[in-house]
Amino acid sequence: MAQDSRASALKGVPETMLWTLYHRAAEARRPDTVLADPLAVELVEAVDFPFVERFGPAHPLVAQAIALRAGCFDAVVREFLAVYPAGTVVSLGEGLETGFWRVDNGTVDWLTVDLPEPLALRHALLPHGPRQRTLARDARDPAWIDRVDPARGVLVLAQGLFMYLRPTEVRDLIAGCAEAFPGGGLVFDAIPRLRSRRARRDRPRRVSGAYRLPPMPWRMNVADRPGLATAHPAVAEIKDVPLPPGRGPVLGLLTPRADRLPVVRNRRPSVTLLRFASR
Ligand SMILES: C[S@@+](CC[C@H](N)C(=O)[O-])C[C@H]1O[C@@H](n2cnc3c(N)ncnc32)[C@H](O)[C@@H]1O
């Protein structure tokens, strides 16, 4: 099962899929976890990669936040599948996310789109069944859109992806989905814009240990959300997706009240669901 050379060969943005997996697994190991994700734990144990040396000890707050973010996406998928049980979920930049196994209803059609090297590692580590298709493509290349039948209902997920793209690329992706998937939806997360000019520079971001996340050229404050409607006339609804309840003073107490706190309500990580008009 060891895939060390493939995992260790990942650099830059593709490597971040190991970082998010590592944190989701750390959270999933807790008896009081906010996200049951046994497969993430198995994956971290199966892949021969020096997680601790590379990323430092998993930060409990970061681990919980990443698991809550995944839980947020799961909730949107479950809502979608309640309406379209055999609908298509397209997961852009899916990395080693195990969301399919958390939400599978037995009839969903799931398409994973990721770059060739990360996707090869995913294939080597995870069993893909007949309802799980994969496509080694850059999500910015609209060719993946042709692989999706818009008639069965479509929900596009972009978890942990948009921040690594350029603003024009994010806009083009939103517009492409709005054009191709009438009645469909797109859910994505965003981190807030930074205040100081110095911090705004495209600098790698240090989170824990010596590891630095790659530069994040696209950021969005909550107050910027209405502007997403200008990406395409079919953007019919822009909805906040709140994080599920967490533990502790920050994610248990502060985050659920963030909307009532000045400054924080605008400058907070957010998850947004866009719904597209039917034709
Ligand atoms: C932070 S990881 C997120 C992985 C997963 N969604 C999660 O939340 O754990 C970013 C993922 O986006 C993928 N990615 C980066 N740029 C991409 C692009 N242009 N097209 C498709 N995938 C991309 C990377 O390979 C990686 O799997």
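Among 33-44, 48-59, what's the highest-first ranking by average C-beta atoms within 10 angstrom per residue? Let's see the in-between values first.
Values: 33-44: 19.8, 48-59: 15.6.
Those peptides, ordered most packed to least, come out 33-44, 48-59.
Going by amide H atoms built from the backbone, whose H comes under 5 Å of the H on Gln159, apart from near neighbours?
For Gln159, whose amide H was placed from the backbone, the distant partners under 5 Å are Leu92.
For a Förster distance of 25 Å, can you work out the FRET efficiency between the beta-carbons of Thr107 and Ala136, rounded to the nearest 0.05? Before the final figure, lay out each step's value.
Values: r = 25 Å, r/R0 = 1.01.
Here the calculated transfer efficiency is 0.50.
Please list Thr112, Thr134, Thr168 in order of solvent-accessible area, largest first, computed with a 1.4 Å probe with all protein chains present.
Numbers: Thr112 0, Thr134 40, Thr168 95 Å².
Descending accessible area places them as Thr168, Thr134, Thr112.
Restricting to the chain, compute how many DSSP beta bridges are antiparallel as a %, nearest 5. Walk me through the numbers before you get to the answer.
Values: 13 of 32 bridges.
Of all bridge pairs located within the chain, approximately 40 percent are antiparallel.
Got the relative contact order for the chain handy, in percent, Cα pairs under 8 Å and 6 or more residues apart?
On the way: 503 pairs, mean separation 51.4, N = 279.
18 percent.
Using only the Cα atoms of the range 108-173, what do you get for the radius of gyration and for Dmax, in Å?
Looking at the range 108-173, its Cα Rg and Dmax stand at 12.6, 35 Å.
Quick one: which residues, 5 or more positions from Arg247 or on another chain, have an amide H under 5 Å from its amide H? H modelled 1.01 Å from N in the peptide plane, none for Pro or chain starts.
When sequence neighbours closer than 5 places are left aside, the close amide H contacts are Gly252.
Of Leu10, Ala231, Gly160, which is farthest along the charge dipole of the chain in the positive direction, counting Lys and Arg as +1 and Asp and Glu as -1 at C-beta?
The residue sitting farthest along the positive end of the dipole is Ala231.
What is the distance, in nm, between label points placed 7 Å from the Cα along the Cα-to-Cβ direction at Arg166 and at Ala151?
Each label point is offset 7 Å from its Cα along the Cβ direction, giving 3.8 nm.
Restricting everything to alpha-carbon atoms, can you work out Rg to Rh for the range 67-276 with a Kirkwood hydrodynamic radius? Show your work: numbers first, answer last.
On the way: Rg = 17.1 Å, Rh = 18.0 Å.
Rg divided by Rh gives 0.95.
Can you give the helix-only mean residue ellipticity at 222 nm for the chain, where every DSSP H stretch with n ≥ 4 adds -39500 (n - 2.57) and the sum goes over all residues, rounded to the nearest 500 deg cm²/dmol? Numbers along the way, then the final one.
Values: 9 runs with 94 residues, N = 279.
The per-residue figure over the chain is -10000 deg cm²/dmol.
Can you compute the modelled spin-label distance between Leu253 and Val83, with each label point 7 Å from Cα toward Cβ, in nm?
Once both label points are built, they end up 3.7 nm from each other.
In whole Hz, what ³J(HN,Hα) sequence does the range 265-279 give by Karplus (6.51, -1.76, 1.60; θ = phi - 60°), x for Gly and Pro?
Ordered by residue, 3J(HN,Hα) equals 5, 8, 9, 9, x, 9, 10, 10, 10, 9, 10, 9, 5, 7, 9 Hz.
Once amide H atoms are placed 1.01 Å from N in the peptide plane, what residues at a sequence separation of 5 or more from Met220, or on another chain, have their amide H within under 5 Å of its amide H?
When sequence neighbours closer than 5 places are left aside, the close amide H contacts are Ile191, Arg193.
Using +1 at the C-beta of Lys and Arg and -1 at the C-beta of Asp and Glu, which of Leu96, Leu253, Gly184 has the Cα lying farthest in the positive direction of the dipole of the chain?
Highest projection toward the positive end goes to Leu253.
Would you check the accessible area of Glu179, probe 1.4 Å, heavy atoms only, in square angstrom rounded to 10?
100 Å²
With labels modelled as points extended 7 Å from the Cα through the Cβ direction, what inter-label distance (nm, one decimal) is found for Ser278 paired with Glu179?
A separation of 2.3 nm, rounded to one decimal place.
At 1.567 mPa s and 4 °C, plugging the Kirkwood radius over alpha-carbon pairs of the range 1-130 into Stokes-Einstein gives what diffusion coefficient in µm²/s? Walk me through the numbers before you get to the answer.
Working: Rh = 15.2 Å.
Diffusion coefficient, whole number: 85 µm²/s.
First obtain the Kirkwood hydrodynamic radius of the range 204-279 from its Cα pairs, then insert it into the Stokes-Einstein equation at 25 °C and 0.890 mPa s, and state the resulting D in µm² per second as a whole number. All intermediate terms of the calculation are to be shown ahead of the outcome.
On the way: Rh = 14.8 Å.
So the translational diffusion coefficient is about 166 µm²/s.
Per residue, how much accessible area does the chain have with a 1.4 Å probe, in Å²? Working shown, then result.
On the way: 12970 Å² over 279 residues.
Per residue, the chain has 47 Å² of solvent-accessible surface.
Only Lys, Arg, Asp and Glu count, each charged at its Cβ (+1, +1, -1, -1), so figure out the dipole size of the range 1-137 about its Cα centre, rounded to 20 debye. Please list the in-between numbers first.
Details: 13 positive and 17 negative charges, 39 e Å.
Dipole of the range 1-137, to the nearest 20 debye: 180 debye.
For Leu115, what is the net charge nearby, where nearby means another residue's Cβ is under 11 Å from its Cβ and Lys, Arg count +1, Asp, Glu -1? Don't skip to the end; give the middle numbers.
Working: positive: Arg122, Arg137, Arg140; negative: Glu94, Asp114, Glu117, Asp138, Asp141.
After counting each charged neighbour, the total is -2.
The values are calculated or read from the model by the stated rules, or taken from the named source; none is laboratory data. Note that this is a predicted model, so its numbers are computed, not measured. In this analysis, Cβ positions are derived from the backbone assuming ideal geometry, glycine residues included, and neighbour counts consider all displayed protein chains. The protein model used for the area step is the full one, side chains on, heavy atoms only, and it has no ligands, DNA or RNA in it. Shrake-Rupley method; radii C 1.70, N 1.55, O 1.52, S 1.80 Å.
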